[in-house]
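Read through the structure below, which is laid out as structure tokens, and then see the notes.
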Amino acid sequence: MTTLLGWQRLAGPFALLLAMSGCARLPTTASYAVPPIPAQQARIWFYRDLDPNGSMAMPYVRLNGAAVGASQAGGAFYRDVSPGHYHITADSFLTDAIQTRDVDLAPGQEAYAKVLSLDNWIQGGGQDAGAEYHRDTFYVWLTPPEVARPRIAQSSFYGDGTLAAAAPTR
């Protein structure tokens with residue numbers, strides 16, 4: 001009986017630590033040594049501010065129609081791409097003429113795409129509990145480096161990588 005009680009005393013704190021580790025926030029982008037842009041490549045950063053009143057949905061971010069990552073509130077990631085023209089979108093319930101952006105990148109150039117959440121763009125439902133609904137809409141803005149870099153530095157870092165799926169349009 002005492003061995004069972006001892007086992008339970010050890011298992012309780014371990015289970016609590018294990019559960020808490022799943023809730024830990026990722027380190028900020030500033031804590032990573034981000035490598036320089038590879039030769040003959042360009043870089044696009046994607047970020048989204050943490051808004052306590054905004055949507056926590058994670059829409060796919062797309063370059064020329066190909067998914068390159070998921071936008072997370074308070075997060076940032078980048079993709080190294082071939083120089084060229086890119087059409088940047090975030091998956092959204094509604095389509096608006098001003099919610100996407102286009103960018104032309106030269107070798108060594110960086111672009112900064114901010115994903116914005118417009119929570120509850122469409123909402124409705126009845127007065128019954130659970131009958132209400134809302135649909136999230138996301139916009140992409142290109143931001144200047146002096147605005148984007150401090151925000152990205154404080155964002156959780158969600159990865160990097162070379163993009164193969166979205167070749168530039170010719």
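The values are calculated or read from the model by the stated rules, or taken from the named source; none is laboratory data. This structure is a prediction, so every number in the text was calculated from the model and none was measured. In this analysis, Cβ positions are derived from the backbone assuming ideal geometry, glycine residues included, and neighbour counts consider all displayed protein chains. Each accessible area value is taken on the protein alone, full model and side chains, heavy atoms only, with ligands, DNA and RNA left out. Shrake-Rupley method; radii C 1.70, N 1.55, O 1.52, S 1.80 Å.
Miscellaneous remarks
- Note that the stretch 27-144 presents 51 Å² accessible area per residue, ligands and nucleic acids not counted, probe 1.4 Å.
- Amide H contacts for residue 50 (H built 1.01 Å from N in the peptide plane; partners 5 or more residues away or on another chain; cut-off under 5 Å): 74.
- Ranked packing of 103-114, 66-77, most packed first, by mean Cβ within 10 Å: 66-77, 103-114
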